[in-house]
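Only the coordinates and a few stated rules stand behind these numbers; no lab work does. As the structure is a prediction and not an experimental result, all values here were calculated from the model. Virtual Cβ from ideal backbone geometry, glycine too; neighbours counted across all protein chains shown.
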Amino acid sequence: QVQLVESGGGLVQAGGFLRLSCAASGSIVRPNVMAWYRQNPGKERGLVAAISDTGTTVYGDSARGRFTISRDNAEGALYLRMNSLKPEDTAMYFCALKNRFVGWPITYDYWGQGTQVTVSS
């Protein structure tokens, strides 16, 4: 089993920044991919960014150019630096992990409980 615990969400003004963290523990198997998704009530969960254990990154359209995903494999940590935040970035942000990654598209094995990000205008 794997546990994913997100932190770093909060309330920020438009134009500001936040850094989300995800602490992963348990049976993390390489190769793997970790990702950030976000979701608002009544809407589908959407990809923000993903990163493989070798550092390959993929960004969703909403994140490209403003957000940076990174990870520390030794610490089992995933990060998301979010700059130039907009009110439309308001959402619950979830961390996800896919063990034994073989290719895209991915169905993630594990999800965290989420951390709320609220951007005020």
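For the chain, the longest stretch holding no trypsin sites (Lys or Arg not before Pro) located in a DSSP loop with at most 12 other Cβ atoms within 10 Å is which?
Here the longest run is 1-42.
For the pair PHE17 and GLN113, how long in nm is the line joining their label points, each one 7 Å along Cα→Cβ?
Computed distance between label sites PHE17 and GLN113 equals 2.9 nm.
Starting from 0.36 nm per residue, how many nanometres of slack lie between SER121 and ALA77 once their C-alpha separation is accounted for?
Here the answer is 12.8 nm.
Taking only the alpha carbons of the range 1-120, what extent do you get along each of the three principal axes, in Å, biggest first?
Here the spans come out as 39, 29, 23 Å, largest first.
Show the residues, 5+ positions off or on another chain, whose built amide H is closer than 5 Å to the amide H of ILE106.
Under 5 Å from the amide H of ILE106 lies no amide H from a residue far enough along the sequence or on another chain.
Say each of THR54 and ILE106 gets a label point 7 Å from the Cα, pointing the same way as Cα to Cβ; how far apart are those two points in nm?
For the pair THR54/ILE106, the computed spacing is 1.4 nm.
Could you tell me the relative contact order of the chain? Use alpha-carbon pairs under 8 Å, at least six residues apart, and round to a whole percent. Provide the component values of the computation, followed by the final result.
Values: 301 pairs, mean separation 43.3, N = 121.
Dividing the mean separation by the residue count of the chain yields 36 percent.
Full-extension gain between GLU44 and SER84, please, as 0.36 nm times their residue separation minus the C-alpha to C-alpha distance.
Working: separation 40, 0.36 × 40 = 14.40 nm, distance 2.33 nm.
Here the segment from GLU44 to SER84 would lengthen by 12.1 nm.
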